[in-house]
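The structure appears below as structure tokens.
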Amino acid sequence: MKKLYLFLIVLLGFLITACATMTPVSAQHDFDAFLGNPISDNEVDGAIGSEWDDAGNYTGVAISPQGTAEVWTKHDGTYLYMAVRFTADSDNPWVAFLFGGTTCMATGADGALFGHDSYAANGYRDILFNGFTSISVDTSQDGTGAMTIDSSNLVTVELKKPLSSGDFDGKDVAWTENSTYALIIMWNSNLYGASGGSVTHSDGPLADRTMLINSNVIPEFPGLMFTVLLVATTISAFLLRRRITAKPMANVTS
Ligand SMILES: [Ca+2]
Ligand SMILES: [Ca+2]
């Protein structure tokens, strides 16, 4: 019995130490695109479902030029997956991701465009940025995207994009695991392919972000540790209770 107690104490000590020394996952970058399960094209529908359960999930993320969003990021070795959800100030905004750049509409940067009235009013286009006020839609459309907006102007965007499509003309990214890349999430609701709001994408501070293409799956240790800790504590309490209730009898017989 003593050996069992000793084992439980050592186990508890290990678990507490492991939990206490666990460092934040995103210490050096804003987003982890964790290795996860593929998302089928028909799940890229502008609705967040269980397909995002194994993704990095971030709330209160500042987006350009204003507001905050909830963001999901993961990859499957072939595709990068990103989802963004935020509340706009109109029912006809557009949303864009700029990949591999840190300035607004950086010349030669790859991009994803959703809901722009001039290109795809309710859909996705694989684009490249050509500098101030100028974009081009890629001849080769790689990946899949979707955008929805509800009656409260809650915008949801989902993107499935090749990590490396090989489309040089479209300036598509060639991203690899264990590297960190820059990106910008922006939106617009006032003219320039949108309407009904007062937000112009270039008016306001740029919210530059960085994303690691993480070669690991999302860590599940905190939840697992907690469960093991709970079970170990329960067993300890049970055994201790048994020992206490058994002790008087032991005294009587001795
Ligand atoms: Ca979906
Ligand atoms: Ca492109």
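Here, each number is a calculation from the coordinates, and none is a lab measurement. Given the structure is predicted, the values throughout are model-derived calculations rather than measurements. Ideal geometry is used to build each Cβ from the backbone, glycine not excepted, and the neighbour counts take in all protein chains shown.
So between residue 195 and residue 210, what do we pick up on full extension, going 0.36 nm a residue minus the alpha carbon distance?
2.5 nm
If I model a spin label as a point 7 Å beyond the Cα along the Cα-Cβ vector, how far apart are those points for residue 202 and residue 180 in nm?
In this crude label model, residue 202 to residue 180 measures out at 3.0 nm.
Sequence-distant or interchain residues sharing an amide H contact under 5 Å with residue 130, placed H: which?
Counting only residues 5 or more places away or on other chains, the set is 108, 135, 136.
Given the options 90, 79, 107, identify the residue whose Cα lies farthest towards the positive end of the charge dipole of segment 31-213 (+1 on Cβ of Lys, Arg; -1 on Cβ of Asp, Glu).
107
Gain in length, residue 87 to residue 42, computed as 0.36 nm per residue apart minus the alpha-carbon separation, to one decimal in nm?
Contour length minus the Cα-Cα distance gives 13.8 nm.
From Cα pairs below 8 angstrom and at least 6 apart in sequence, can you work out the relative contact order of segment 31-213, rounded to a whole percent?
Relative contact order here is 28 percent.
Separation between the residue 50 and residue 150 pseudo-spin-labels, each 7 Å from Cα along Cα→Cβ, expressed in nm?
Roughly 2.0 nm, to one decimal.
Give me the net charge of residue 99's neighbourhood, meaning all other residues with Cβ under 13 Å from the Cβ of residue 99; Lys, Arg count +1, Asp, Glu -1.
On the way: positive: 161, 171, 209; negative: 110, 126, 138, 142, 167, 172, 208.
Combined, the nearby Lys, Arg, Asp and Glu give -4.
Rounded, prolate or oblate: which fits segment 31-213, taking a ≥ b ≥ c as square roots of the Cα gyration tensor eigenvalues, rounded meaning a/c under 1.5, else prolate when a/b beats b/c?
The shape class here is rounded.
By counting other Cβ atoms within 10 Å of each Cβ, how are 68, 176, 148, 73 ranked from fewest to most?
Least to most surrounded, the residues fall as 176, 68, 148, 73.
Using θ = phi - 60° and the Karplus curve 6.51 cos²θ - 1.76 cosθ + 1.60, what whole-Hz ³J(HN,Hα) does each residue of segment 132-147 get, with Gly and Pro shown as x?
Ordered by residue, 3J(HN,Hα) equals 3, 6, 10, 9, 10, 8, 4, 4, 8, 8, 10, x, 9, x, 8, 9 Hz.
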